[in-house]
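What follows is a single structure, written as structure tokens, with notes after it.
The values are calculated or read from the model by the stated rules, or taken from the named source; none is laboratory data. Not measured: the values here are computed from a predicted model. So basically every Cβ, Gly included, is an ideal-geometry build from the backbone, and we count neighbours across all protein chains shown. Calculation scope for accessible area: heavy atoms of the full protein, side chains included, ligands and nucleic acids excluded. Shrake-Rupley method; radii C 1.70, N 1.55, O 1.52, S 1.80 Å.
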Amino acid sequence: MTVESTAARKPRRSSKRVSAAKKPQSSEPQLVQLLTPEGERVQHPDYDIDLSAEELRGLYRDMVLTRRFDAEATALQRQGELGLWASLLGQEAAQIGSGRALRDDDYVFPTYREHGVAWCRGVDPTNLLGMFRGVNHGGWDPNSNNFHLYTIVIGSQTLHATGYAMGVAKDGSDSAVIAYFGDGASSQGDVAESFTFSAVYNAPVVFFCQNNQWAISEPTERQTRVPLYQRAQGYGFPGVRVDGNDVLACLAVTRSALERARRGEGPTLVEAFTYRMGAHTTSDDPTRYRHDEDRAAWEAKDPIQRLRTYLENEGHADAAFFAALDEESDVLAKRVREAVRAMPDPDDMAMFDHVYADGHALVDEERAQFAAYQASFVEEGK
């Protein structure tokens, strides 16, 4: 296979696919890939997928709009409109590919970074921002879209997903459950326990690990001696590593894992090998612990650019499509910006509400102390 620069204008190639077996050997990890960083369509013996031009454009649209929303949220945090934001920059393919593999009756348990999956489930992007502004604890009804509220506690959602999946199985439903978590969460005991329970009870759950290689400032090699997907072997269910920057491969692998769960064959661990292009959250500074050249290398594997290259080379999208999508992105960004700025400021005292169902003396004491502290800033006579 000839590797060409994506920046160069290339003539349209035929849609004939290249066998993955003919790819040159490299130091890159072995993983399922259907679309190379150069935009070349390849085949895989176990995972393949045929999509129409319209479906391919839809995946591209999903990734572009998700990235634009994410960029707008980051800017809003920098402007003081949000208290915090966890960017998904670079992980769009993993989220959109897996999100579009789901059926409406499947149930999703996310972390706090699955903005692309939320988009696929029909959750309004503006609803994701209320928690980060501090005006609510989620902002959407989980059962309306089968998309659970964001989970801040690292790894706990995998247990929730496992329990839900066990219930689904007992109900006799053929729906499946998917739990998202990161490479850092893979070191948590909750994840290990969820693997054990899901395997023993043959739960219809897919564990989707987005290995972006950094648990805040801790690299993956400081957490495991083997590739993360291989951990599944010790629990008795299969694991697979997929190119997390390849939206087609993520779609194919996740769809296969979900279908396996629906057939009653139990859990699967999917490791989406990707890279966090930005900071862990807006309170993080990645320049303190990783090198610029690493990011530059991964920018060449950008999930959006590789699909755009494929669309252009195969004649599946023209300049009018990309221009219209740019306009749609601007409209989305404006709507998100206006919605956030229209949100009320957080109620300072609300954080003491609902901590305990029946109240608690210590919470009451803390509320009174905080109220007195707040009052100390009020000028006399005002």
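When averaged across all projection directions, what area in nm² does the alpha-carbon convex hull of region 123-281 cover?
Taking the Cα atoms of region 123-281, their convex hull projects to 9.6 nm² on average.
Looking at the chain, send over the antiparallel percent of its DSSP beta bridges, to the nearest 5.
Rounded to the nearest five, the antiparallel share is 10 percent.
Over the Cα atoms of region 280-347, each weighted equally, I'd like the Debye log10 I(q)/I(0) at q = 0.28, 0.29 Å⁻¹, rounded to two decimals.
Values returned for q = 0.28, 0.29 Å⁻¹ are -1.12, -1.16.
Kirkwood Rh over alpha-carbon pairs of region 236-382, then Stokes-Einstein at 4 °C and 1.567 mPa s: what D in µm² s⁻¹, rounded to an integer?
The estimated diffusion coefficient comes to 59 µm²/s.
With just the Cα atoms of region 309-370, tell me how far they stretch along each of the three principal axes, in Å, largest first.
68, 24, 16
Please state the charge dipole magnitude for the chain, taken about the Cα centre, from unit charges on C-beta atoms (+1 on K and R, -1 on D and E), reported in debye and rounded to the nearest 20.
In total the dipole reaches around 1460 debye.
Between residue 143 and residue 55, how many nm apart are label points set 7 Å from Cα along the C-beta direction?
Result: 3.2 nm between the two label points.
With every protein chain kept in place and ligands, DNA and RNA left out, what is the accessible area per residue of region 228-308? Probe 1.4 Å, answer in Å².
Accessible surface, normalised per residue, equals 38 Å².
If I ignore ligands, DNA and RNA and count only protein heavy atoms, how much of residue 334 is accessible to a 1.4 Å probe, in Å² to the nearest 10?
110 Å²
GNM, the chain, Cα, under 10 Å: largest mean-square fluctuation among 200, 336, 168?
200
Using a 10 Å Cβ count of at most 15 others and DSSP loop calls, identify the longest part of the chain lacking such GluC sites (Glu not before Pro).
The segment 5-264 is the longest one with no such site.
Indicate the gyration tensor shape class of region 141-204 (rounded, prolate or oblate), computed on the Cα atoms with a ≥ b ≥ c the square roots of the eigenvalues: a/c under 1.5 is rounded; otherwise a/b larger than b/c is prolate and the rest oblate.
Judged from the Cα gyration tensor, region 141-204 comes out oblate (a/c at least 1.5, b/c at or above a/b).
Farthest toward the dipole's positive end in region 111-188, which of 120, 169, 140, given Cβ charges of +1 (Lys, Arg) and -1 (Asp, Glu) about the Cα centre?
The residue sitting farthest along the positive end of the dipole is 140.
Multiply the residue separation of residue 223 and residue 354 by 0.36 nm, subtract the distance between their alpha-carbon atoms, and state the gained length in nm to one decimal.
43.5 nm is the gain from fully extending residue 223 to residue 354.
When the convex hull of the Cα atoms of region 27-81 is projected onto a plane and the area is averaged over all directions, what value comes out in nm²?
Result: a mean projected hull area of 6.2 nm².
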